Structures are given as structure tokens and as C-alpha cells.
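Shown next, in C-alpha cells, is the structure this report addresses.
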Amino acid sequence: MSSIVQKSRLSATVEELKPSGIRRFFDLAASMEGVISLGVGEPDFVTPWRIREASISSLERGYTAYTSNAGLLELRKEISYYTEDLIQVQYNPQTEILVTVGASEAIDIALRAIIDPGDEVLIVEPCYVSYEPIIRLAGGVPVFLQTSARHQFKLTPEELESKITDRTRAIIFCYPNNPTGSIMTLEEWKTLVPIIEKHDLLVLSDEIYAELTFGQKHESIVTLPGMKDRTILMSGFSKSFAMTGWRLGYVCAPEDLLVGMLKIHQYTILCAPVMAQMAALEALRGNRSDVEKMVESYSQRRNYVVKALSDMGLTCHTPAGAFYAFPSVKATGLTAADFAEQLLMEEKVAVVPGDVFGTSGEGHIRCSYATSLEQLKKALECMDRFVSKRLS
Amino acid sequence: MDQSTTKKLLMLLEENCRLSSHQLGLLLDCSEEEIEAEIKRLQAEKIIVKYPALINWERVQDNPLVTAMIDVKVTPVRDIGFEKVAERIARFPEVKAVYLMSGAGYDISVLLEGKTMHEIANFVTKKLAPLDNVVSTATHFILKRYKHDGTILEDYEDDRRMVVTP
Ligand SMILES: Cc1ncc(COP(=O)(O)O)c(C=O)c1O
């Protein structure tokens, strides 16, 4: 065999892509036994039976073929009603809705449809880990907008304005937010609209946690005058309906943008899996009291976790949505990564260091409370012991 | 405590009555004292009646119990209807439940537990059938329980998630 170091066979773009920080941490946690995990970014519920049953029944009846590229029209109609219900905005199921393989695909085709090489896309961080790599894969340049615990991780107009250049094409964000659990109110969205309009930006709004808010309703920027025409709304069934493994999402957008996304989708995906589409149809058509119950259960566990974290001396804003608490660990004198790693080694509790979601997340850890009360209680007791050794 | 919080408290206790007042307070965002006072009131008003455990007796070795559902046809009594018979039946300790039914070919449904089929047969012929106003009975034995009081007894829906996901 030749000993000459071979040039990588990967493209330069892929070669340079950093592996997700979450991956490294996963490998570490997965190699240990008896770990209590607050590191899981998905519901602890199994998909409600009515939804599973509907999918099984569709299989029995022989629904095993491709659907239209955009997804079953029936499903797009239901998504249209559902979206109107959630945020009072109407999308035409024929021309403005596309069913995707998870919100993940929605994010991918939305970014690819709008980016020309060198275009800058603003990312509000801390945020979900896929935005930056997808922008890079599309030839774009990610530009990060910082948020902070001081403003409950909400985007401020000052920060937005300060990062806009001639090359800025779009902005992407997610509220209710993973990893911080923060939400934005309508008043707060209103302060951003003039800047977005002035610089003619496209808006990519990841609203996958829209249904998981506590005590406050989810507000979307799309509802503000003029915004529907420049916004791509991306969402999915993973979180609200506890359907992560089904891989089903959707995107709602003005027709010209949707046509572009549909082009990518039809060549790369063809259509979302039909059994998942049939399940989603039941998710939206059936009695959604199961979703209400799940939301109530997250809300109660949130109260529990936030109080326990504050009691142990970590400052933690009260998250209004999603299922994450994002306390600061600065008082322990540790970086987020050291805290998470030492906690795992000493107490076998897994949390995710905040900096994997962007530099704004440094000094914080993401604790998912989508886990049983018993596990939460144990994990918090271990954390308490761990933290008290480090607070003087 | 407002009504909606009370209802949430009852639902939590119904699911797991061993949660401490402290834990309940954290979950419902109220103080331990508030929780305790409210539970006291609910007990006094007999809204919370009892704190039983849900036991899967089928997994207990030498489990001796046989359960039967008995349809009982009754001649109603003027003024008091079925009340008197139902009450009489309910007082037998081996009777686990008594319901007045609509739409069936019978009136009262009785859930009965005994050590053997023989014991149940005895109860039906010696105690139940001879009661005044009982016209007829039909006994059905339960062969296996799949779900009891809202809980699937052999549930395989464990946590199948990976330890860390984005
Ligand atoms: C903010 C955010 N967007 C998108 C996704 C991906 O969701 P999906 O399962 O629909 O691909 C996740 C999943 O964790 C998420 O947290």
C-alpha cells in the first residue's frame, strides 16, 4: 500500500464541515452505563395510539405507493386548517404548502432554494445545530446574531441591524427556541419588521415547537402585515405529536418560493413516506386532547425543573416554550463543556453544553425535561450534589 | 386553589399518589402548604376516597383469585327502583363493583372476586339469586386482564430514545 498521504476524496466544503458538537458528547454518553439523560431533544411520549393505528390501518389497506410530490392533498388541506388555527394565517394547500421529510428537509430546501454562492444568511443563536452546515453546503455564508440571558435569548433590533450587509439575503430563527425555551411576543416581532423590510430580507421561521408553549400563546412573525410574503414557515410533527421517528414535516411559503423548493424536493426526495403522511392526517384530523395532555405535562415538569435548578444556585430564566431549561453554570466557574463532561463522569447525568448551539450558549447547559418525573428527580439530586461542591 | 389547579392535582394523584406534597407543589407551582390544605379538603369532602395501588395479581405466584362479571335482572321496587337491591349486593365484601346499566338485557352488573369458580358459583346461588326482586343472573368469568383502570398491564412501550439528540 502506498504511504503517500492521500488527498481527501471529499469535496472541500464537506471536508471543512465541522462534525456536530452534540455528536462528540453523544459518543461519550453512549459509552457509559446507567446514564440518566437530560440530553434528549425529543418527546418522552410514544406517538399517540390513534395516530399509530391510523398508519397501520393504511398499510393494511395497501397505501404503499408514492404520493404527489407536494404530499397528499388531503394532508396539505389539514395543514392549512391547522396553521390557520395556530397562527390565524391562511395558506393555499394547492400552491403554498409542501409536505417534507421532517422539518429537517424543510430547512434544507428552504435554504438551498434561496441561497446563491456568497450570500449571507443571518442565524439567531443559540440555535438548532443544522442551520449553519446547511447554509455552508448551499454555498452561503452564515452570520451569527447573538442573544443573551439578559434579554431571555430574544433577538433585539440592535443586534439584527448591526450584522446586515449588502450580501445579507435572509434570516433564520426558531421560536419557541431549542435550546433556550425562549419565545418572542408579537410586540417584540414588531420591532424587527421595519429592519427586515428596509433590507428586503427573506425570513425563515422554524416553528416546530409552536404548540409547546406554557401560559402564553405562540406568536409568529408571519402574522404581521407584509410578512407572509417574505417568510418561509417550516414546521413538523416531531415535537407536538411526539412523532420524531416518522420523519414528517412541512413548509408553508409564498408560491414563487414554494415552486423553487418543490423543484429540489421532487428531484431529491420525490415525496415524503406515505405511511407517515397517513399518520399525520390522523394527527390533525382526530381529537387532539392527547396533545393538550402532553403540553400540560411538559408545563408541570418545567415548573419542577426551573425551581430545582434555581434552588441549587444556578440562574435560569423561565422558559415559556419547547421542553428545555437553559440555566447558566457560570457560578460554578466551569465552562459549559467542562460542566457537562464532569457531570457525566461524576454523576452519570447527561446534559448538553450550550456552546454546541452557538457561542451565545457558552456558560449555559441545555436540560431537556422531556423525561419521566422519576428520572428528573434523580438527575436533579445528582446535579445538586455536583453543583454544591463547586459553589463556594 | 383554583379549580383548574385542583383538577390537575387530582389527575397527578390518580396517576401516582406517592408524589410528595413538595413535588406536587413544584409541578403545580404552588406551596407545599397549599397542596396539603387542598388534599385535606378533598379528603374531607370524599372527593379523594382512598389511595390504592394498582396491582397486577396475575404476576403474583399462587394468585388464588377468580373474577366474574354477573348480569343481574331485577324487578324494580316502587319509589326506590333499584337502589335497595344494589345497596344490598354492594355490601358483600367479595363484590368489587356494582353498576346500574342501560340498554342491556339486564339491570345491574356485579363484579365479583373469589378464590375458586366454585366459591363464585356458591355466592351466586346462595346469596345473589335468592335476594328479593332478583329475577335472574348470568355469570361470565374473566379469563385474562389486558387493561385495568386505564393502565395496560403488560406494557412494552419503554424509552427507546438515544441518550443525547439535538
Ligand atoms: C429547532 C428544531 N428544528 C428542527 C428540528 C428537526 O425536526 P424534524 O424531526 O422535523 O426533522 C429539530 C429537532 O430537534 C429542532 O429542535
Hits in region A:302-332 (condition: more than 14 Å from every other protein chain (Cβ to nearest Cβ), open to solvent by 10 Å² or more (accessible area, probe 1.4 Å) and touching a helix residue (DSSP H, G or I) at 6+ places or on another chain (Cβ under 7 Å)): A:GLY313, A:HIS317, A:SER328, A:THR332
Determine which member of the set A:TYR209, A:TYR250 is away from chain B (no Cβ under 14 Å), within 11 Å of the ligand (Cβ to nearest atom) and hydroxyl-bearing (Ser, Thr, Tyr). A:TYR250
Kindly establish whether B:ILE80 is of a type outside the set (S, T, N, Q) and in contact (Cβ under 8 Å) with a residue 24 or more places away in the chain. no
Picked from region A:126-152 (must be within 12 Å of the ligand (Cβ to nearest atom) and assigned to a loop (DSSP other than H, G, I, E, B)), the residue most open to solvent (accessible area, probe 1.4 Å) is A:TYR128
So, in region A:153-163, of the ones that are under 21 Å from the mean Cα position of the chain (by Cα) and of a type outside the set (Lys, Arg), which residue ends up most open to solvent (accessible area, probe 1.4 Å)? A:THR156
Within region A:241-255, identify whether any single residue is of a type in the set (Val, Ile, Thr), touching a Ser or Thr at 6+ places or on another chain (Cβ under 8 Å) and more than 21 Å from A:GLN94 (Cα to Cα), and answer yes or no. yes
Does any residue of region B:122-130 turn out to be loosely packed, with under 12 Cβ neighbours inside 10 Å, among the hydroxyl-bearing types (Ser, Thr, Tyr), away from chain A (no Cβ under 14 Å) and over 19 Å from the mean Cα position of the chain (by Cα)? no
Going through region A:214-231 in order, the residues found to be in contact (Cβ under 8 Å) with a residue 60 or more places away in the chain and within 16 Å of the ligand (Cβ to nearest atom) are A:HIS218, A:SER220
Could you list, in sequence order, the residues of region B:123-166 that are within 23 Å of B:ASP107 (Cβ to Cβ), of a type outside the set (Val, Ile, Thr) and free of Cβ contacts under 8 Å to residues at least 60 places away in the same chain? B:PHE123, B:LYS126, B:LYS127, B:LEU128, B:ALA129, B:PRO130, B:LEU131, B:ASP132, B:ASN133
Looking across region A:71-112 at residues that are of a type in the set (Ser, Thr, Tyr) and either in a helix (DSSP H, G or I) or not assigned by TED's automatic domain parsing to the domain that holds A:ALA253 (or both), the single one that is nearest to A:HIS218 (Cα to Cα) is A:THR83
Would you mind telling me which numbered condition in (1) free of Cβ contacts under 8 Å to residues at least 24 places away in the same chain; (2) under 18 Å from the mean Cα position of the chain (by Cα) B:PHE92 fails? (1)
Hits in region A:173-191 - residues which are in a loop (DSSP other than H, G, I, E, B), within 21 Å of the chain's Cα centre (by Cα) and either at pLDDT below 95 or surrounded by fewer than 24 Cβ atoms within 10 Å (Cβ to Cβ) (or both): A:THR185
Residues of region A:25-68 satisfying the condition of being open to solvent by 50 Å² or more (accessible area, probe 1.4 Å), within 24 Å of the chain's Cα centre (by Cα) and in contact (Cβ under 8 Å) with a residue 60 or more places away in the chain: A:PHE45, A:VAL46, A:ARG52
Select, from A:MET243, A:MET261, A:MET234, the only residue that is within 13 Å of the ligand (Cβ to nearest atom), buried (at least 23 other Cβ atoms within 10 Å of the Cβ) and away from chain B (no Cβ under 14 Å). A:MET234
Which condition breaks for A:ILE195 when tested against (1) on the phi < 0 side of the Ramachandran plot; (2) open to solvent by 30 Å² or more (accessible area, probe 1.4 Å); (3) away from the ligand (no atom under 16 Å from the Cβ); (4) not in a strand (DSSP E or B)? (2)
What's the number of the only condition in (1) within 25 Å of A:SER20 (Cβ to Cβ); (2) open to solvent by 70 Å² or more (accessible area, probe 1.4 Å) that A:GLN342 fails to meet? (2)
So A:THR13 passes all but one of these: (1) more than 16 Å from the ligand (Cβ to nearest atom); (2) assigned to a loop (DSSP other than H, G, I, E, B); (3) under 30 Å from A:GLY140 (Cα atoms). Which condition number does it fail? (2)
Wholly enclosed helices (runs of 4 or more DSSP H) of region B:1-102 bearing at least 2 residues within 14 Å of another protein chain (Cβ to nearest Cβ): B:3-15, B:21-28, B:32-44
Find the residue count for region A:79-123, including only residues that are away from chain B (no Cβ under 14 Å), within 11 Å of the ligand (Cβ to nearest atom) and of a type in the set (A, V, I, L, M). 2
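The values are calculated or read from the model by the stated rules, or taken from the named source; none is laboratory data. Values in this document were obtained by computation on a predicted structure and should not be read as measured data. Using ideal geometry, Cβ is built from the backbone for each residue, glycine included, and neighbour counts are taken over all protein chains shown. Keep in mind that these areas ignore ligands, DNA and RNA; they rest on the heavy atoms of the full protein, side chains included. Shrake-Rupley method; radii C 1.70, N 1.55, O 1.52, S 1.80 Å.
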